[in-house]
Amino acid sequence: MSLNLTRRDLARLITRIENGERGAQEALNALYPHTGRARVIGITGAPGSGKSTLVSEMARAWRLRSGLDQPQVAIVAVDPSSPFSGGAILGDRIRMRDLYGDSGIFIRSMASRGALGGIAAATADVVSALDAYGFEIVLIETVGAGQLEVDVARIAQTVIVVEAPGAGDEVQAVKAGILEIADVIAVNKADREGVAQTISALQSALDIAPANGHHGARAATELASDDGTGWRPPIVKVSALNREGIVELLAAVDTHRDYLVATGEGERRYQQRIESDIKARLRELLLQTAMRRITQIDYQAVLAAVGQRSLHPAEAALKLLDSLHL
Amino acid sequence: MTTLPEPKPGASEISARPLRILIAKPGLDGHDRGAKVIARALRDAGMEVIYTGLRQTPEMIAEAALQEDVDAVGLSILSGAHNVLLPRIAEALRERGLSDVPIFAGGIIPDEDVPALVQAGIAGVFGPGSPIADIIAFIRARTPARD
Ligand SMILES: Nc1nc2c(ncn2[C@@H]2O[C@H](COP(=O)(O)OP(=O)(O)OP(=O)(O)O)[C@@H](O)[C@H]2O)c(=O)[nH]1
Ligand SMILES: [Mg+2]
């Protein structure tokens, strides 16, 4: 590890980052040069599809694979906050019980705290801290995902979409459109009936999807460009419960990593990610700056005018912008 | 080696953050209904509850408390093994430098066992039928002291 932090220090740093406490940004600034080494892998899919169980088995398999005390694996498991109380029940650890006793594994539960993209606003920075601390692999489990929960694709190099055979021929990931961010598809609960139907439904969904690299983390970034190389997400059958297919799943993740390296796609995604991250932060800062400089008089005036429908909100925003004399 | 800047604690910074509470079920009995009721009540009180499930050893609980940086640890115990397990959990937390994290316990704990448990570091013991409001008040009273 490159930082002289204990695990306790790390845990407390994560809390400070999550809360945006004073000192957190300074710590992140100091950490930043030490980031960029971890492989960051997102695991998403419908509620109950077996994400936590699978994450646990993947972490275990990675630790067993080399036989050395490597790689160090961190898990960030996100669950939704209650929109009513702001509280949350973070229960993903229940399925990660078997990882106990391995000091090369660190698990952190996070509440989404109102963010709608399937991860928390602070998840990216928490991943950076784990990366800088020296974890070689960071697994991010998103909240049970539907159509909108695709933000993990902005952080992860490889996104695994977990699908489980359901009742009937409904394929959750297809219905939700979340397949668009898949780099690898894991059909979990392969010990159950209906796996073959699920796989063929996924295959035909992939057949009609654009095949030219529009899959994966890239689909969620703003500047996706077409290079014609194309990656069709492989479908891997697993049973997290019976520990079957896990090694094959890790192999598929490795193959995707090799693809990212060999085609330069990884580098392109990385550049896009940096750019959209800076833009998002700039947008936030600009808004804050503008709100500080707009006078109450101007602000109340446009509020009233829009309220009476004599001014369109777009015109109101322009007026406020003009009042800043940029 | 990089040394991170020390946080400069300010008066205002801890006010808005949700409390993080670990709720665990030590021992071998398989009933976690009580633990789930508490977990839900704490969530509804605006807290973030890390729920670890059944059959947790003292070491598992302490390790989870460390990784999750919780503000308090709550234990639900029905097995009758409280006199053995609860002090061991307190000890496991101390060994990891977490002696400042308050521990509370609920379940079937006879009154005569309470003083020894308090002595062993279990700051709050809540018998059957304790109002959840008491547990919430306990957590709120104990937690702001932490940095
Ligand atoms: N039969 C079978 N059940 C599984 C398998 N993997 C997970 N499960 C079960 O599916 C249920 C949900 O598993 P989780 O791992 O908690 O699923 P999840 O996607 O993390 O759930 P959320 O975080 O709540 O969205 C549990 O009862 C698991 O035991 C599997 O391979 N086969
Ligand atoms: Mg889960």
Review point. Between a first residue in region A:30-47 that is within 14 Å of chain B (Cβ to nearest Cβ) and a second residue that is assigned to a strand (DSSP E or B) and more than 9 Å from ligand 1 (Cβ to nearest atom), which pairs have beta carbons less than 7 Å apart while being 6 or more apart in sequence or on different chains?
Key: A:A30/B:T2; A:H34/A:L3; A:H34/B:T2
Check your understanding: If you go through region A:70-111, how many residues are under 18 Å from A:T15 (Cβ atoms), more than 7 Å from chain B (Cβ to nearest Cβ) and either hydrophobic (A, V, I, L, M, F, W, C) or more than 12 Å from ligand 1 (Cβ to nearest atom) (or both)?
Key -> 7
Practice item. Pick out the one residue from A:G104, A:G67, A:G117 that is at positive phi and away from ligand 2 (no atom under 16 Å from the Cβ). Key: A:G67
Exercise for review: Please state which of the following conditions B:S99 fails to meet, knowing it meets all the rest: (1) over 12 Å from the mean Cα position of the chain (by Cα); (2) of a type outside the set (K, R); (3) open to solvent by 10 Å² or more (accessible area, probe 1.4 Å); (4) within 18 Å of B:A141 (Cα to Cα).
Suggested key: (1)
Practice item. Identify the single condition in (1) at the interface with chain B (Cβ under 8 Å from one of its Cβ atoms); (2) within 30 Å of A:K189 (Cα to Cα); (3) among the polar types (S, T, N, Q); (4) surrounded by fewer than 18 Cβ atoms within 10 Å (Cβ to Cβ) that A:N4 does not satisfy, given that it satisfies every other one. Key: (2)
Exercise for review: Of the numbered conditions (1) closer than 21 Å to A:T142 by Cβ; (2) out of contact with any Phe, Trp or Tyr (no Cβ under 6 Å at 6 or more places or on another chain), A:V73 fails exactly one; give the number of that condition.
Suggested key: (2)
Check your understanding: Does A:V159 meet the test of being crowded, with 24+ Cβ neighbours inside 10 Å and away from ligand 2 (no atom under 15 Å from the Cβ)?
Key -> yes
Check your understanding: Considering only residues of region B:66-109 that are part of a loop (DSSP other than H, G, I, E, B) and among the acidic types (D, E), which is nearest to the other protein chains (Cβ to nearest Cβ)?
Key -> B:D69
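The values are calculated or read from the model by the stated rules, or taken from the named source; none is laboratory data. Owing to the predicted nature of the structure, the values given are computational and were not obtained by experimental measurement. Reconstructed Cβ throughout: ideal geometry from the backbone, glycine too, with neighbour counts over all protein chains shown. Remember, those area values only see protein heavy atoms, side chains included, never the ligands or the DNA or RNA. Shrake-Rupley method; radii C 1.70, N 1.55, O 1.52, S 1.80 Å.
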